[in-house]
1. Pairs only if they're at least six apart or on different chains, beta carbon under 6 angstrom, first in segment 30-54 and assigned to a helix (DSSP H, G or I), second open to solvent by 60 Å² or more (accessible area, probe 1.4 Å); list them, first residue then second.
2. Return yes or no: is D91 without any contact (Cβ under 8 Å) to a residue 24 or more places away in the chain and open to solvent by less than 60 Å² (accessible area, probe 1.4 Å)?
3. Please identify the pairs in which a residue from segment 99-119 that is farther than 15 Å from L50 by Cα and of a type in the set (S, T, Y) has its Cβ atom under 8 Å from the Cβ atom of a residue that is at pLDDT below 95 and open to solvent by 20 Å² or more (accessible area, probe 1.4 Å), counting only partners at least 6 apart or on another chain.
4. Given (1) at pLDDT below 90; (2) of a type outside the set (D, E, K, R); (3) surrounded by 12 or more Cβ atoms within 10 Å (Cβ to Cβ); (4) under 23 Å from T120 (Cβ atoms), where does Q64 come up short, assuming only one miss?
5. Here's a check for you: in segment 96-111, which residue that is at pLDDT 95 or above and among the β-branched types (V, I, T) is nearest to A39 (Cα to Cα)?
6. Taking the residues in segment 42-59 that are charged (D, E, K, R) and open to solvent by less than 90 Å² (accessible area, probe 1.4 Å) as candidates, determine which candidate is modelled with the highest pLDDT.
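The values are calculated or read from the model by the stated rules, or taken from the named source; none is laboratory data. Quick caveat, the model's predicted, so the values are computed rather than measured. Because the Cβ atoms are built from the backbone with ideal geometry, glycine has one as well, and the counts that use them run over all protein chains shown. Side chains are part of the model used for accessible areas, which takes the heavy atoms of the whole protein and leaves out ligands, DNA and RNA. Shrake-Rupley method; radii C 1.70, N 1.55, O 1.52, S 1.80 Å.
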Amino acid sequence: MRTLSVAMALGAFVACGPAAAQAVDCENARNTVEMNICADRELAAADAGLNEAYKKALGKAAGQDAPAPYDAKAYEAALRAAQRAWIAFRDADCKGVVPFEWGGGTGTTAAVLGCMSAKTKVRTKELNESFGPQ
């Protein structure tokens, strides 16, 4: 039930429209809707960084020159499996546990998005440290 409430809250602040969302000054967010818009922006930026790091990691995996079972195909499959598992963990923790910590209050949506952003940034750092620039 709480997951449904979070989903409804996420939809509600997105429904305010793109023009209104663009006008929000995230340095001076004044209400819950603005805080949610800013948290959504932060998550979008974090997700873009993660996608870039993940593509680099996949590129490095594709360049793996080793015999099986450590060949490029196995490396890529392992990386994809790890990323899917990580996304499932992030979402279960942030969307499942965090709402309980907030009791479903008005700060829940921003807290969920903030949790997702924080975990996404950590994962991005991990991928960049493990796979580095190409």
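1. Filtered contacts from segment 30-54: T32/T106; A46/K121; A53/N128.
2. no
3. The qualifying pairs are T106/T32; T108/S5; T108/A9; T108/W102; T109/A9; T109/L10; T109/T32.
4. Unmet for Q64, out of (1) at pLDDT below 90; (2) of a type outside the set (D, E, K, R); (3) surrounded by 12 or more Cβ atoms within 10 Å (Cβ to Cβ); (4) under 23 Å from T120 (Cβ atoms): (4).
5. That would be T109.
6. Only one residue tops the list, namely D47.
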